[in-house]
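Here is the structure we will look at, set down as structure tokens.
The values are calculated or read from the model by the stated rules, or taken from the named source; none is laboratory data. If you're wondering where the values come from, they're calculated on a predicted model, not measured in any experiment. Note that we place each Cβ from the backbone using ideal geometry, even for glycine, and neighbour counts take in every protein chain shown.
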Amino acid sequence: MTQDSPVVPAGTLVTLLREQAARTPHARAVVAEDACLSYAELDARADRLARRLRRAGAGPERVVAVAVPRGAGLVVAIVAVLKAGAAYLPLDPGDPPQRRRLMLTDAGAVAAVTPDAEPGDAFEGVVTVDVNDAAATGEPPAALPEARPGNLAYVIYTSGSTGRPKGVGITHRAIVNRLAWMQARYDLRPDDRVLQKTPAGFDVSVWEFFWPLLHGATLVMARPDGHRDPAYLAEVVRRERITTLHFVPSMLAAFLRAEPGTPLPSVRRVLCSGEALPAETVHRFHRAHDAELHNLYGPTEAAVDVTAWPCPPGMPDDPVPIGLPVWNTGVRVLDGALRPVADGETGELYLTGVQLARGYLGRPGLTATRFVADPFGAPGERMYRTGDLGRRRPDGAFEYAGRVDNQVKLRGQRVELGEIESVLTGHPAVEQAAVLVRENTGGHRHLVGYLVAAEPVADDDLEAYLAARLPAHMVPARYVTLDELPVTANGKLDRAALAAIEPRRTGGGRAARTEPERLVCGIFAEVLGLPSVRPDEGFLRLGGDSIQAIDAAGRITRAGLPVAVRDVMGARTAAALAERALTRPAPTVAEAPEAGWGAVPMTPIMHWLRERGGPADAFGQRLVLRIPAQVTAAWLTGALRRLLEVHDMLRVRRRITADGRWELVVPPPDDVDARRCVTEVPLDGRTGPAAGELIRAELAAAQRRLSLDEGRLVQAVLFSAGPDRQAVLGLVVNHLCVDGVSWRVLLNDLREAWHAGPGWRPAPAVTTFRTWARLLNGEARSDARPEAAAYWSSALDPGRARLGRRPLDARTDHESPDHLLTLDLDPATTERLVSPATGPGSPTINDLLLTGLALAVRERAHRDGTPDEPVVLDVEGHGRQDRDGTDLSRTVGWFTTLFPVRLLKAGGTFHDDPLAALRLVREQLRDIPDKGLEYGVHRYLRAPGEHVAGSEPEIGFNYLGRFDGGGTGDWTIVADFGVGLDCFGAGMPMAHAVEVNAAVVDGPGGPVLRATWSWAAGVLTRPEVARLAETWFHRLTRLAADAADAADDAAVSRDLTLRTVSAAEIEELEAELNAIRS
């Protein structure tokens, strides 16, 4: 069946873009977090970059790669490639370098547009052009080569069953036809705003880019990886008044689950494609939204989509059709002998018409097998064999009926299982392999690898091997080792039998044998959010970090097994920790309650806050929790009263002396009045954004009620939603008495209070905050360590990489919610960052984060033409260092340390050798005395003449640890309101020109590194900060991709038993060994 065949104007994307820019030069063309461009600005910037590309060899029938993160620069780059006459090849910056290299070589790319001037090893031998060169001015205009309708417009790679991806080449004529039909069908207007959220390596992105730009509408760019976050998508749709957007059906279903009832009044139409659209999803969409919903179908080999079907409210529960053909396109249902089948019968779908791809680049044999002669058409016409099964209904609409091969769609992305199998069998230890898509009880689909191994091989080894060769969505989540793969009677792989084999978690399989083992395994599972933990599994290997280790150590010790944080971090397995606990001395007995009462000496971080100035009363932290519907204000008041009685620092009061000093006093808990801490606010049916707006307003009001002088340091706001709906609890606490570890203590106490019932009382801290503060001040009065003072003085040396255009000014540079930027790193990369390999040479997530940030700052300084200098940061630590006789695991207070670190070295070149940078940074971090605690003692607590002083860092960095933000049960964190971020009162001076607060948040799609950047607007601009943030993520992605090498190669001298070996000597030894191997 062939749809209408109107004559489409014989133009190209370039001519159509140019005509629209001439019609509406001043209209808004592109909106992104890093920039906004009018049509004239987009046209001019693309022209400048196109001339650079032309000099690099771009022209008709040539391919230029685009490896730029989503933002305004990506649009400029794509349009520039087309203006240069070439075809653009999108490369995902998050893909492994080896895969990007393969596509560059296979496509014969003559150049690549990258986000910086030094893009890395994947582009070796290819001319690279910095996308930021498009912003340069002063170059005279020149005529550019014109592509013709029959020339290639873009090349997109899809998964290949042989293990080699294949590049699909689409002409201007094909995509212009597709876009012309789309405009006639859906009538995009100048006031429309289209959201671009599909990765550029998938063909849906093509219409997202060009449809609005050809018709005077506005293209709104989602942030990188924003397409994975339903909450972010809902927020950006509301904020940017999006009218048109695309969803893969599974993502639409996830969006509707995550944002139920969230009104999106601006949306006019939602387009779905990429996989089958369930009727139930259609019904749920229309129950929630008053907008059009359309189902589209098409392979990459036919210019995005070839059929479409409207999905109005009230559709029957039958399978949703893929629809009728678009203009100048034919769809046929044929049997194995290429004969048409009757309506209602199933056959293979074949496509004809103007939208067919030219074929697969450099693969004539494969092209001939998929693009075959059309026996029903004119001589020379072709059909594309889709491999999809389908049938035609009596009304002419087509239905999708599955696949004829092993290709699958996973969250809308085409995956050839054969490609994964081919790469997996390339591992030296793997003899045979098969990969299946499985679905768990929650409906989540994931890949599972089944293999026959010649020798034992660890899951981590397999994952690292595949992650270096395949994009993240093609790396299996689990692996199963078999003696042999099941086969059918004729010797073929029996995938049905394979699917019946349940994947099992690898590792030690024995059950806990002793009560201590059962205790440790149970607490590990609770802290890490796992259903169970076995004795032979280790805390770090399961994803634990140092912050969670504090929580685990405290729980285990309170249960009767004395362990320190270093025990949890150092024990290879739960069983080893249980055994170690049995050999430790009995736990220290908690101090008498009155030990925490009375005058509290100022600690270094408190001195830092006083010197910073500004409204310290409102300087706090906040957290929002889901809580049971049955929680009442009376119960909450009683629970908080018991917390205030036990946790002394929640009662602290401040007095400011005549000379400006602070005096802190903790009164006895005799007359604790928790009623002034609790406010109840009914939600009155509000949900979604309306509820969020109310919660934020009430939290801001609670923050204003805090008072250090009156001892009002805790405010709790109970948002009641009725007897049958979860309530919400907002907690705001002055930072002077709380930190990240304290929050975990308080949340655990509240959870225990709810489950324990009347009579519950929290366990006291072993060591009070007052005792710790006195200990630190006592150390300051002891003999000074000149070598430590010298270290800290050198760390503050003014020779360093500079960021801002001027120094920070406390009079004008204040904290502001308008100067915040939050970005999420994709789950696959985050998983690699938080799951390092074990062994003495393994980097921690802090090593990786700081190395990536140091490299990003060096890159910015390098772009500004400044010499390569060390990078100096202020780094926050939890500050709960072990001291003999102390146990701070349950002590609530502000223990944070803030200390300068000096990373990299002057003149060193690390852009192309991130592992060398990682080795050096790890060495430098391990040289820090006492994990930074001594700096505050030297800086604030010693006698005035002995204070360490110097040039303060411009950059502050804080890694807050890992939090569960994906749960929806009671007592779980609502991550949308922030995790561990500071909140400030008006007029609070900034401590640094730019600050980064990062945390790993576990969500339904996996862990994400969520980084919130704040900056002084007079020192840096938002685009400058956005670029620095994206560069950091780019560097982290590369470091994560090299994680396996980092585990082996990133050894530092502190990791070795013989500590007379330096990092330089290690590198020299490695070079000699490599020479011997070669």
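Look at the stretch 747-770 and say how many of its residues are of a type in the set (Asp, Glu) and without any contact (Cβ under 8 Å) to a residue 40 or more places away in the chain.
Quick first cut of the stretch 747-770, residues of a type in the set (Asp, Glu) only: 749, 752.
Applying the additional criterion that residues be without any contact (Cβ under 8 Å) to a residue 40 or more places away in the chain yields 752.
Number of matching residues: 1.
Is the stretch 669-685 home to any residue that is assigned to a strand (DSSP E or B), at pLDDT 90 or above and over 25 Å from Leu750 (Cβ atoms)? Please lay out each step first, then the result.
Initial filter on the stretch 669-685 (assigned to a strand (DSSP E or B)): 678-682.
Still in the list and also at pLDDT 90 or above: 678-682.
With over 25 Å from Leu750 (Cβ atoms) added as a condition, the list becomes none.
No, because not a single residue in the stretch 669-685 is assigned to a strand (DSSP E or B), at pLDDT 90 or above and over 25 Å from Leu750 (Cβ atoms).
Given the criterion at pLDDT below 90, closer than 30 Å to Arg370 by Cβ and surrounded by 19 or more Cβ atoms within 10 Å (Cβ to Cβ), identify the matching residue among Leu277, Leu264, Leu256, Leu271.
Leu277
Given Gly402, Gly426, which one is assigned to a loop (DSSP other than H, G, I, E, B) and at pLDDT below 90? I'd like the intermediate steps shown before the answer.
Working: Gly402 fails: assigned to a loop (DSSP other than H, G, I, E, B).
Only one candidate qualifies: Gly426.
Answer with yes or no whether Ala639 is part of a helix (DSSP H, G or I), within 38 Å of the chain's Cα centre (by Cα) and not hydroxyl-bearing (Ser, Thr, Tyr). Working first, answer last.
Numbers: part of a helix (DSSP H, G or I): yes; within 38 Å of the chain's Cα centre (by Cα): yes; not hydroxyl-bearing (Ser, Thr, Tyr): yes.
Judged against the criteria, Ala639 is a match.
Across the stretch 2-26, which residue is modelled with the lowest pLDDT among those that are surrounded by 16 or more Cβ atoms within 10 Å (Cβ to Cβ) and outside any helix (DSSP H, G or I)?
Per the criteria, the residue is Gln3.
Residue-by-condition table, conditions (1) more than 24 Å from Pro758 (Cβ to Cβ); (2) surrounded by 15 or more Cβ atoms within 10 Å (Cβ to Cβ):
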residue: Asp617; (1), (2): yes, yes
residue: Leu643; (1), (2): no, yes
residue: Arg654; (1), (2): yes, yes
residue: Asp670; (1), (2): no, no
residue: Val678; (1), (2): no, yes
residue: Gly692; (1), (2): yes, yes
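Which of the residues that make up the stretch 29-48 are in contact with a Phe, Trp or Tyr (Cβ under 8 Å, 6 or more places away or on another chain) and surrounded by fewer than 21 Cβ atoms within 10 Å (Cβ to Cβ)? Steps first, please.
Here is the first cut: in the stretch 29-48, the residues in contact with a Phe, Trp or Tyr (Cβ under 8 Å, 6 or more places away or on another chain) are 29.
Residues satisfying the conditions do not exist here.
Which residue, of Val681, Val665, Val631, is under 30 Å from Leu888 (Cβ atoms) and either aromatic (Phe, Trp, Tyr) or in contact with a Ser or Thr (Cβ under 9 Å, 6 or more places away or on another chain) (or both)?
Numbers: Val681 fails: under 30 Å from Leu888 (Cβ atoms); Val665 fails: either aromatic (Phe, Trp, Tyr) or in contact with a Ser or Thr (Cβ under 9 Å, 6 or more places away or on another chain) (or both).
When all the criteria are applied, what remains is Val631.
Considering (1) under 36 Å from the mean Cα position of the chain (by Cα); (2) modelled with pLDDT under 95; (3) charged (D, E, K, R), say which one Arg62 fails and leave the rest.
(2)
Could you grab me the full set of residues in the stretch 429-459 that are at pLDDT 75 or above and either part of a loop (DSSP other than H, G, I, E, B) or within 25 Å of the chain's Cα centre (by Cα) (or both)?
Of the residues in the stretch 429-459, the ones at pLDDT 75 or above are 429-438, 447-459.
Scanning the stretch 429-459 gives Ala429, Val437, Arg438, Leu447, Val448, Gly449, Ala454, Glu455, Pro456, Val457, Ala458, Asp459.
Confirm whether Ser720 is at pLDDT below 95, within 20 Å of Val666 (Cβ to Cβ) and not hydrophobic (A, V, I, L, M, F, W, C). Working first, answer last.
Details: at pLDDT below 95: yes; within 20 Å of Val666 (Cβ to Cβ): no; not hydrophobic (A, V, I, L, M, F, W, C): yes.
For Ser720, the condition - at pLDDT below 95, within 20 Å of Val666 (Cβ to Cβ) and not hydrophobic (A, V, I, L, M, F, W, C) - is not met.
Is it the case, given these coordinates, that Ala378 is over 16 Å from Ile170 (Cα atoms) and touching a Pro at 6+ places or on another chain (Cβ under 7 Å)? Spell out the reasoning first.
Values: over 16 Å from Ile170 (Cα atoms): yes; touching a Pro at 6+ places or on another chain (Cβ under 7 Å): no.
So Ala378 does not fit the description; no.
Which of the residues that make up the stretch 180-196 are surrounded by 22 or more Cβ atoms within 10 Å (Cβ to Cβ) and part of a helix (DSSP H, G or I)?
Residues satisfying the conditions are Trp181, Met182.
Look through Ala357, Ala378, Ala368 and report the one residue that is within 22 Å of Val408 (Cα to Cα) and either touching a residue at least 60 places away in the same chain (Cβ under 8 Å) or over 40 Å from the mean Cα position of the chain (by Cα) (or both). Steps first, answer last, please.
Values: Ala378 fails: within 22 Å of Val408 (Cα to Cα); Ala368 fails: within 22 Å of Val408 (Cα to Cα).
Among Ala357, Ala378, Ala368, only Ala357 is within 22 Å of Val408 (Cα to Cα) and either touching a residue at least 60 places away in the same chain (Cβ under 8 Å) or over 40 Å from the mean Cα position of the chain (by Cα) (or both).
Residues are listed down the side, and each one gets a yes or a no for (1) assigned to a strand (DSSP E or B); (2) surrounded by 15 or more Cβ atoms within 10 Å (Cβ to Cβ); (3) basic (Lys, Arg):
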position: Ile695; (1), (2), (3): no, yes, no
position: Leu699; (1), (2), (3): no, yes, no
position: Gln703; (1), (2), (3): no, yes, no
position: Phe719; (1), (2), (3): yes, yes, no
position: Gly730; (1), (2), (3): yes, yes, no
position: Arg744; (1), (2), (3): no, yes, yes
position: Gly759; (1), (2), (3): no, no, no
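Being assigned by TED's automatic domain parsing to the domain that holds Thr307 and not in a strand (DSSP E or B) is the filter here; which residues of the stretch 381-399 pass it?
Hit for the stretch 381-399 is Glu381, nothing else.
Counting only residues that are over 23 Å from Ala1026 (Cβ atoms) and not in a loop (DSSP other than H, G, I, E, B), how many does the stretch 856-875 have?
0
Taking only the stretch 809-826 into account, find how many residues are more than 17 Å from the chain's Cα centre (by Cα), closer than 26 Å to Leu849 by Cβ and buried (at least 18 other Cβ atoms within 10 Å of the Cβ).
Number of matching residues: 3.
Would you pick out the residues in the stretch 350-404 that are farther than 30 Å from Arg495 by Cα and in contact with a helix residue (DSSP H, G or I) (Cβ under 7 Å, 6 or more places away or on another chain)?
The initial filter retains those residues of the stretch 350-404 that are farther than 30 Å from Arg495 by Cα, namely 352-359, 361-362, 364, 373-383, 393-397.
Listed by number, the residues that qualify are Val354, Gln355, Leu356, Ala357, Gly359, Leu361, Gly362.
Can you find even one residue in the stretch 1014-1026 that is touching a Pro at 6+ places or on another chain (Cβ under 7 Å) and under 23 Å from Arg962 (Cα atoms)? Steps first, please.
In the first step, residues of the stretch 1014-1026 are kept if they are touching a Pro at 6+ places or on another chain (Cβ under 7 Å); the result is none.
No, every residue in the stretch 1014-1026 fails to be touching a Pro at 6+ places or on another chain (Cβ under 7 Å) and under 23 Å from Arg962 (Cα atoms).
Somewhere in the stretch 337-349, is a residue at pLDDT 95 or above, polar (S, T, N, Q) and either more than 33 Å from the chain's Cα centre (by Cα) or in the same structural domain as Arg164 (by TED's automatic domain parsing) (or both)?
No, because not a single residue in the stretch 337-349 is at pLDDT 95 or above, polar (S, T, N, Q) and either more than 33 Å from the chain's Cα centre (by Cα) or in the same structural domain as Arg164 (by TED's automatic domain parsing) (or both).
Taking the condition surrounded by 15 or more Cβ atoms within 10 Å (Cβ to Cβ) and either in a loop (DSSP other than H, G, I, E, B) or out of contact with any Phe, Trp or Tyr (no Cβ under 7 Å at 6 or more places or on another chain) (or both), does Thr352 pass?
Details: surrounded by 15 or more Cβ atoms within 10 Å (Cβ to Cβ): yes; either in a loop (DSSP other than H, G, I, E, B) or out of contact with any Phe, Trp or Tyr (no Cβ under 7 Å at 6 or more places or on another chain) (or both): yes.
Taking the combined requirement at face value, the residue satisfies it.
What pairs come up if the first residue lies in the stretch 446-468 and is buried (at least 19 other Cβ atoms within 10 Å of the Cβ), the second is outside any helix (DSSP H, G or I) and among the polar types (S, T, N, Q), and their beta carbons are under 9 Å apart, counting only those six or more places apart or on different chains?
Between residues of the stretch 446-468 that are buried (at least 19 other Cβ atoms within 10 Å of the Cβ) and residues that are outside any helix (DSSP H, G or I) and among the polar types (S, T, N, Q), the close pairs are Tyr450/Gln432; Tyr450/Thr481; Leu451/Thr425; Leu451/Gln432; Leu451/Thr481; Glu463/Ser835.
What residue, among those in the stretch 376-407 that are under 28 Å from Ala279 (Cβ atoms) and among the small types (Gly, Ala, Ser), is surrounded by the most Cβ atoms within 10 Å (Cβ to Cβ)?
The extreme case among them is Gly390.
Let's see how each residue does on (1) outside the structural domain of Val110 (by TED's automatic domain parsing); (2) within 22 Å of Thr367 (Cα to Cα); (3) surrounded by fewer than 24 Cβ atoms within 10 Å (Cβ to Cβ):
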residue	(1), (2), (3)
Thr198	no, no, no
Asp203	no, yes, no
Ala217	no, no, yes
Gly226	no, no, yes
Pro230	no, no, yes
